[in-house]
Structures are given as structure tokens and as C-alpha cells.
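What follows is a short report on a single structure.
The values are calculated or read from the model by the stated rules, or taken from the named source; none is laboratory data. All of these numbers come straight from a predicted model, not from anything done at the bench. Counting neighbours? That spans all protein chains shown, and the Cβs are built from the backbone with ideal geometry, glycine included.
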Amino acid sequence: MQNDVKICFIGGGNMATALIGGLAGKLTAGANIHVVDINPDSLQKLAQQFGVTTATQIDAAVRQANVIVLAVKPQQMKDVVAQLQPQLSSQLILSIAAGIRAADLSRWLNGHTAIVRTMPNTPALIGKGIAGMVALQGVSPQQRSVADAIMRAVGATVWLDDEALIDPVTAVSGSGPAYVFYFIEAMQQAAQEMGLSPEQGTQLAIATFVGAAQLAADSTEPVSALRDKVTSKGGTTYAALTSMEQSGVKAAIVKAMKAAAARGKELGEEFGRE
């Protein structure tokens with residue numbers, strides 16, 4: 001991968017900052033990264049930390065970019081791309097905005113099809129993210145490789161053949177960290193109700209999640225087999241899992257994730273309206 005790729009970020013929030021941190025001095029020099037954001041304080045911090053160039057509005061520097069990363073809120077996207085369109089030629093557009101379909105971006109950009117839509121998640125902030133990605137037909141093999149390298153700067157990537165699958169990806173990994181935090185909160189509450197201190201409950205719950213997740217990642221066995229190894233019939237784990245099954249916990253989780261996917265589809269339809 002060449003280290004002279006020029007990247008422009010439209011939006012300098014948390015996810016953009018995480019990506020810039022993973023890219024600057026690695027995939028490309030900080031001076032090859034240009035950031036546009038309305039917050040001058042954020043821009044100053046990014047410039048000081050990573051050596052990027054900055055602007056408070058979309059400017060001619062955007063024309064020099066090989067890749068334009070759209071990292072603004074979905075509600076702002078249509079206005080942003082209207083400002084971007086006059087500066088656009090053959091650049092790759094990489095969108096990390098939730099709920100904005102690539103086809104709608106293409107339509108707003110007068111038929112531009114060099115677009116990759118991606119759904120990252122918040123563990124990208126510590127370099128442990130994972131992103132679902134889908135490319136429109138105008139994306140060249142080289143551009144696809146660059147898009148993949150950009151997202152791999154903060155985690156793993158999963159490429160999809162159908163953009164409709166971005167909604168399930170959103171439900172599984174995009175929203176997924178919140179489910180994990182929710183379960184950790186429940187474990188913390190149970191720990192305290194059983195007499196452990198808040199500090200002890202937090203330490204035990206988080207370490208258990210981190211360790212179990214790493215064990216699953218490192219193992220060649222399915223997670224169901226790993227679960228069985230911890231579950232002796234009639235034992236403590238068996239009692240807990242039996243209670244969860246009786247309470248419909250697994251079914252509730254599946255239902256909740258399907259609700260997230262359905263909402264993702266609804267948002268795409270809402271944001272994509274003329």
C-alpha cells in the first residue's frame with residue numbers, strides 16, 4: 001500500500017478521530033489528511049496531535065483527495081453532499097454514516113458510483129472495531145483495497161455483496177457494544193445484590209467478558225461447545241442458564257436485534273426521501 005494516499009474527512013468527531021489516529025503516519029502521512037469540521041477546537045486538536053490540515057468548510061483541498069470520508073451525522077448528510085458535489089471528480093467516497101444508503105448518496109451526487117458504505121462500531125476507538133462494508137459498481141479494485149485499509153486501521157472488516165445486509169450488520173456489531181454493556185450492567189447489579197462491592201462486581205464482570213470473548217476468538221470450537229464445557233448438569237452454570245432459558249433471554253435478544261435491523265432499514269428509507 002502506498003503511503004501517499006490523500007484522504008479528506010468531512011466531519012472530525014469521535015469515529016473520524018479514531019480513524020485518523022490509525023491512519024496518520026501509517027497508511028499515509030498526517031500532512032496527507034485533510035479534515036473539514038465546523039468546530040475549530042476539534043480541528044486544532046487534530047492538527048496538533050496528528051499533523052493534519054484543516055478547514056471549517058468544504059474547500060478546494062477536497063479536490064486533491066483520493067478518498068473522501070463522510071463522517072457527519074445522518075441528518076446533516078444531504079446538505080453536506082450538496083456542498084461537496086462541486087468539488088467531486090473521480091474520488092472514492094467512503095461513508096461511515098448510519099442509515100444513509102449508498103444509492104441515495106449516489107443520487108445526491110449526480111450519479112457518482114465510486115462509493116463504499118461501511119458500518120463501523122465504537123470499539124474502533126481503541127483499535128478493536130469491526131466494520132461491515134459494501135461497494136457500489138463504480139468502485140475500482142484499487143479503491144476497494146484502499147477503503148479496506150482505511151477501516152482496518154481501527155479493526156477488522158467484513159465485505160458484503162448486498163447493501164441490504166448492512167442493516168443486520170448494524171444490529172449485530174454496530175449496535176452490539178451497547179448489548180454487551182447492558183449485560184455487564186446486569187452482572188454488576190447482581191454482584192452488588194449478592195454482597196460484592198461495586199468495584200469488585202465491575203472488575204469481575206468486565207474481566208469475565210474480556211476473557212470469554214478472547215477465548216471464543218482464539219478457539220476453533222463453536223461458542224456452543226465452549227458454553228457446554230462450562231455447564232455441568234445440575235451445577236451453578238446450569239442453574240443460571242436454565243433460568244435464562246425459562247425467562248426467554250435468548251429469544252428476547254434475537255427479537256431485539258431484529259428490531260434494530262428493522263429500524264436501520266426504516267432510517268435508510270427516511271433519510272433517503274427526496
When (1) closer than 22 Å to residue 182 by Cβ; (2) surrounded by fewer than 10 Cβ atoms within 10 Å (Cβ to Cβ) are applied to residue 209, the one that fails is (2)
Hey, residue 147 hits all of (1) in contact with a Ser or Thr (Cβ under 7 Å, 6 or more places away or on another chain); (2) at pLDDT 95 or above but one; which does it fall short on? (1)
The stretch 19-33, residues that are within 15 Å of the chain's Cα centre (by Cα) and either in a loop (DSSP other than H, G, I, E, B) or buried (at least 22 other Cβ atoms within 10 Å of the Cβ) (or both): 19, 20
Reported set for the stretch 210-244 where residues are β-branched (Val, Ile, Thr) and part of a helix (DSSP H, G or I) is 210, 223, 230, 236, 237, 242
I'd like to know if the stretch 79-96 contains one or more residues that are charged (D, E, K, R) and in contact (Cβ under 8 Å) with a residue 12 or more places away in the chain. no
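Can you spot a residue in the stretch 165-178 that is without any contact (Cβ under 8 Å) to a residue 40 or more places away in the chain, out of contact with any Leu (no Cβ under 8 Å at 6 or more places or on another chain) and not hydrophobic (A, V, I, L, M, F, W, C)?
no
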Identify the single condition in (1) in contact with a Gly (Cβ under 8 Å, 6 or more places away or on another chain); (2) without any contact (Cβ under 8 Å) to a residue 40 or more places away in the chain; (3) closer than 24 Å to residue 170 by Cα that residue 50 does not satisfy, given that it satisfies every other one. (3)
